[in-house]
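J.: Next up is a structure, given as structure tokens.
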Amino acid sequence: MRHKVHASFNLKHLLLVLFIVVLLIIILRTNLSLKALPPTSTVHTCTKISPSLANTIIHYSTSNITPQQTFSEISVAARILEKRSPCNFLVFGLGHDSPMWSSLNHGGRTVFLEEDKAWMEKIREKFPDLESYHATYKSKVRDADELLELKSKECTEVGDVRSSKCQLALTDLPSVFYEVEWDLIMVDAPTGYFTDAPGRMGAIYTAGMVARARMVGETDVFVHDVDRTVEDKFSKTYLCEGYMKEEEGRLRHFTIPSHRSTMGLPFCP
């Protein structure tokens, strides 16, 4: 994700406003909770924001480096986070937008998977509160057309993705990926803009499969850079156009239900 850095004065200030709004919501919720206590209770408290949230606000208010997504694209996921947070949020990629995503899921768990180990260590030094893990990918963008043709039963069976026989399945990601039911998944990595890059074929497929394999409920999956062929075709094929809720700029939002709680659901509606 380190390759897609854009400087935008207006976007920086819009993001700062977004964080201030989130901060106000947190403070308002805290105050409402205190007002709901029995009148006989005497509470002496000082409402404070977490150090990580404070550091995020300071970072975006003093930096000229802004996230690679536009304000409109960010707002799509931010609206879902407003409804579902605190929740479990998995992000493929680690970059300048990572503190923002973690802060928008304040109180929840936000995990980042990054392909570039050196870049991950650099971001960790700057933002030690972020939870990130190194991920490796075996695929190549040049193989995308061949992978898209996979129509085998193994690629549509819902179950533990670690035991999948489908070539697209990512079976050796960090263990945390398989141990948590993710409420939101953002696919904005790995690198996919040249033929020898790993591409996002496996990330998109695997995100859709773990969403289907959750016990109950729904998973919101977001795919960025859908103006590119791989992201466009693989998101439509494996996340399904019937599950797509919104497309804004280069971002698509899919809501995928559990296929375990409702047996007999087709792979795509």
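The values are calculated or read from the model by the stated rules, or taken from the named source; none is laboratory data. Every value quoted in this text rests on a predicted model; they were computed, and no experiment measured them. Positions of Cβ are generated from backbone atoms using ideal geometry, with glycine treated the same way; all protein chains shown enter the neighbour counts. Side chains included, ligands, DNA and RNA excluded: accessible areas come from the protein's heavy atoms. Shrake-Rupley method; radii C 1.70, N 1.55, O 1.52, S 1.80 Å.
J.: Which residue pairs have Cβ atoms under 7 Å apart, sit 6 or more places apart or on different chains, and have a first residue in region 164-180 that is within 22 Å of ASP116 (Cβ to Cβ) and in contact (Cβ under 8 Å) with a residue 60 or more places away in the chain and a second that is outside any loop (DSSP other than H, G, I, E, B) and open to solvent by 30 Å² or more (accessible area, probe 1.4 Å)?
T.: These pairs meet every condition: PRO174/TYR133; VAL176/TYR133.
J.: Let me ask something else. Answer yes or no: is there a residue in region 165-179 that is under 26 Å from GLN69 (Cα atoms), part of a strand (DSSP E or B) and open to solvent by less than 10 Å² (accessible area, probe 1.4 Å).
T.: No; the residues of region 165-179 include none that is under 26 Å from GLN69 (Cα atoms), part of a strand (DSSP E or B) and open to solvent by less than 10 Å² (accessible area, probe 1.4 Å).
J.: Just checking: which of the strands (runs of 3 or more DSSP E) contained wholly in region 85-164 hold 3 or more residues that are surrounded by fewer than 20 Cβ atoms within 10 Å (Cβ to Cβ)? Full working, then the answer.
T.: Numbers: elements: 88-92, 109-114, 131-134.
In region 85-164, 131-134 are the strands (runs of 3 or more DSSP E) which contain 3 or more residues that are surrounded by fewer than 20 Cβ atoms within 10 Å (Cβ to Cβ).
J.: For the condition at pLDDT 95 or above, more than 12 Å from SER139 (Cβ to Cβ) and under 13 Å from the mean Cα position of the chain (by Cα), what is the one hit in ALA207, ALA203? Write out each step before concluding.
T.: On the way: ALA203 fails: more than 12 Å from SER139 (Cβ to Cβ).
Answer to the selection: ALA207.
J.: Just name the residue that is most open to solvent (accessible area, probe 1.4 Å) out of those in region 180-198 that are over 16 Å from SER139 (Cα atoms) and touching a helix residue (DSSP H, G or I) at 6+ places or on another chain (Cβ under 6 Å).
T.: Top of the filtered list is ASP183.
J.: Here is a further query. Looking only at region 236-264, which residues are without any contact (Cβ under 8 Å) to a residue 40 or more places away in the chain and either of a type in the set (S, T, N, Q) or assigned to a loop (DSSP other than H, G, I, E, B) (or both)?
T.: THR255, THR262, MET263, GLY264
J.: Next question, about the same structure. Given the condition within 19 Å of LEU147 (Cβ to Cβ), at pLDDT 95 or above, β-branched (Val, Ile, Thr) and crowded, with 24+ Cβ neighbours inside 10 Å, answer yes or no: does some residue in region 217-225 qualify?
T.: Within region 217-225, the subset within 19 Å of LEU147 (Cβ to Cβ) is 221, 223, 225.
From the residues that got through so far, the ones that are at pLDDT 95 or above too are 221, 223, 225.
Subsequent filtering for residues that are β-branched (Val, Ile, Thr) retains 221, 223.
Within this subset, residues satisfying the condition of being crowded, with 24+ Cβ neighbours inside 10 Å are 221, 223.
Yes, there is a match, as at least one residue in region 217-225 is within 19 Å of LEU147 (Cβ to Cβ), at pLDDT 95 or above, β-branched (Val, Ile, Thr) and crowded, with 24+ Cβ neighbours inside 10 Å.
J.: If you check every pair at least six apart or on different chains, which have Cβ atoms under 8 Å apart with a residue in region 135-160 that is among the basic types (Lys, Arg) first and a residue that is open to solvent by 60 Å² or more (accessible area, probe 1.4 Å) and at pLDDT 95 or above second?
T.: LYS140/THR195; LYS140/ASP196; ARG142/THR195; ARG142/ASP196
J.: Output the number of residues of region 72-84 satisfying the condition of being open to solvent by less than 30 Å² (accessible area, probe 1.4 Å) and either assigned to a strand (DSSP E or B) or among the basic types (Lys, Arg) (or both). Walk me through it before giving the result.
T.: So in region 72-84, the residues open to solvent by less than 30 Å² (accessible area, probe 1.4 Å) come out as 73-78, 80-81.
Right, trim to either assigned to a strand (DSSP E or B) or among the basic types (Lys, Arg) (or both) and you get none.
Here the count works out to 0.
J.: I've got another one for you. Taking the condition over 15 Å from the mean Cα position of the chain (by Cα) and surrounded by 24 or more Cβ atoms within 10 Å (Cβ to Cβ), does PHE254 pass?
T.: Working: over 15 Å from the mean Cα position of the chain (by Cα): no; surrounded by 24 or more Cβ atoms within 10 Å (Cβ to Cβ): yes.
Criteria not met by PHE254.
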